[in-house]
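The values are calculated or read from the model by the stated rules, or taken from the named source; none is laboratory data. These numbers were taken from a predicted model, which means no experiment stands behind them. Positions of Cβ are backbone-derived with ideal geometry, glycine not excepted, and every protein chain shown enters the neighbour counts. We work out accessible area using only protein heavy atoms, side chains counted, and drop any ligands, DNA or RNA first. Shrake-Rupley method; radii C 1.70, N 1.55, O 1.52, S 1.80 Å.
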Amino acid sequence: MSAFVTVKGLTCVFDVSKPWLNRVLERRGKAFLTAVSDVDFQVEERTTYALVGESGSGKSTIGRMLVGLLRPSDGDVEIEGINLAREEDPAKVASVRAKIQMIFQDPYASLNPRWRVRDIITEPVLTQGGDLEGLAEKLLQQVGLHPSDAGKFPHEFSGGQRQRICIARALASQPRLIVCDEPTSALDVSVQAQVLNLMSDLKDELGLTYLLITHDLTVVRHMADRIGVLYLGRLVEEADPHSLFETPKHPYTQMLLDAAPRVDGFGREVPPPQGEIPDPINPPSGCTFHPRCPIATDICRRERPATRKVGNALVACHLAE
Ligand code: SF4
C-alpha cells in the first residue's frame with residue numbers, strides 16, 4: 001500500500017489580536033491561537049484514518065487544510081505525491097483537489113433548502129462540465145434512497161436521509177478521498193450506525209479513502225484502520241484501533257475512553273472525567289495536558305514531550321510505557 005495522504009509538520013496559527021487602536025489603549029500585544037501544532041500522519045490508500053479529539057482540539061482545522069479551505073501556516077500536505085502548498089503547476093493542484101470531497105456535520109445546513117435534490121447532487125459535476133444524465137438518480141440508489149427522490153426538496157427528508165444526500169453529492173465528482181467532519185454526530189444513534197455502515201460499504205465498493213473527524217472514539221472503533229488522538233492541536237497518540245482500545249498509552253486517550261458512554265457494575269452511568277480543554281491562546285507549559293493529567297510530574301510542566309514509539313503506538317508523553 002502507498003501513502004495516499006502525507007501530512008508533515010502541519011501547523012495552523014490564527015492571528016486573534018484585537019484591532020490596533022484597542023491594543024494601543026489597552027497596552028496589549030498581538031494574540032495568536034495555535035490551532036494545529038506540528039502534526040504528522042499518513043493515510044494509506046483505501047483506508048480510513050480517524051482524527052479524534054474534543055472540541056477545540058484542531059481536528060476540523062486539519063480537515064479544512066486538507067481540502068484547501070484553509071492555508072497552513074507551516075508544514076506540508078502531500079496528496080499522491082503532490083505538495084498542495086508548494087506545487088507550482090496549478091493544473092496539478094487542481095487535478096488533486098478534484099479528487100477530494102468533504103462531508104459536514106449538519107446535513108441540513110449543508111444543503112440548499114431552495115434547490116431540488118437533483119440540482120444539489122449534480123452541482124459539483126456541473127461546475128466541472130461532466131455528464132449529468134441520470135446521475136442523481138443513480139447516486140441516490142447507491143446511497144439507499146429512491147431515484148424519484150431527485151425531484152424533492154431537502155426539508156422532505158429525515159436527518160439520516162439528508163446525510164445520505166450529502167454523501168451522494170460528495171460521490172458525484174468521483175472523489176478518491178472524502179474528508180468526513182463529524183458526519184453522524186447530528187443524527188440519532190440508530191441512524192448513525194446506518195450511515196456509518198453505508199460509508200463503509202461505499203469505501204469497499206468504490207475504493208475510497210476516508211479522513212474521519214470525530215469527537216467520539218466509539219464511532220471509529222469498527223471503521224478506522226488507524227486512529228490519531230489530538231489534544232490542543234497536537235497528535236498525542238496514534239495507533240491501530242485494537243492497540244488504542246485495548247492498551248491506550250496516553251493518559252488523554254485513557255480519559256477519552258473513560259468518557260465513552262457506559263454503565264458501572266450497578267447499572268449506574270459512569271460520570272465523565274473532569275477538566276476543560278485549556279485556552280489555546282495561553283496554552284499550559286511543557287505538556288499541554290498536564291493540568292488535567294492524573295499522573296503529571298515536574299518534567300511534564302517543564303518540557304514538551306517528544307513523540308516516540310511505545311508498543312504499537314506513537315505517543316507524545318514523558319511517562320507512557
Ligand atoms: Fe501526563 Fe506528563 Fe504524559 Fe503529559 S507528559 S500526558 S502530563 S504524564
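L111 satisfies every condition listed in (1) in contact with a Pro (Cβ under 9 Å, 6 or more places away or on another chain); (2) surrounded by 15 or more Cβ atoms within 10 Å (Cβ to Cβ); (3) assigned to a helix (DSSP H, G or I) except (3). Residues of the range 119-174 that are in contact with an Asp or Glu (Cβ under 6 Å, 6 or more places away or on another chain) and either closer than 20 Å to L187 by Cα or β-branched (V, I, T) (or both): L140 alone. Where strands (runs of 3 or more DSSP E) sit wholly within the range 161-255, those with at least 2 residues that are within 24 Å of A296 (Cβ to Cβ) occupy 226-231, 234-239. Restricting attention to the range 307-321, the residues being under 23 Å from the mean Cα position of the chain (by Cα) and within 10 Å of the ligand (Cβ to nearest atom) number 3. Selection of the range 1-33 for residues being over 23 Å from G56 (Cβ atoms) and touching a helix residue (DSSP H, G or I) at 6+ places or on another chain (Cβ under 9 Å) yields only V5.
Candidates L230, L198: the one that is under 25 Å from I120 (Cα atoms) and either in contact with a Cys (Cβ under 8 Å, 6 or more places away or on another chain) or in contact (Cβ under 8 Å) with a residue 40 or more places away in the chain (or both) is L198.
With respect to T122, is the statement that it is surrounded by 14 or more Cβ atoms within 10 Å (Cβ to Cβ) and assigned to a helix (DSSP H, G or I) true? So T122 fits the description; yes. One residue stands out among those in the range 274-305 that are open to solvent by 50 Å² or more (accessible area, probe 1.4 Å) and under 23 Å from the mean Cα position of the chain (by Cα): the one that is nearest to the ligand (Cβ to nearest atom), which is P283. Tell me, yes or no, whether the range 187-197 has at least one residue that is away from the ligand (no atom under 16 Å from the Cβ), touching a Phe, Trp or Tyr at 6+ places or on another chain (Cβ under 8 Å) and modelled with pLDDT of 90 or more. The answer is no; no qualifying residue exists.
Looking across the range 232-247, the residues that are of a type outside the set (D, E, K, R) and touching a Gly at 6+ places or on another chain (Cβ under 6 Å) come down to G233, L235. Scanning the range 38-67 for residues that are surrounded by fewer than 21 Cβ atoms within 10 Å (Cβ to Cβ) and of a type in the set (S, T, Y) yields T47, S55.
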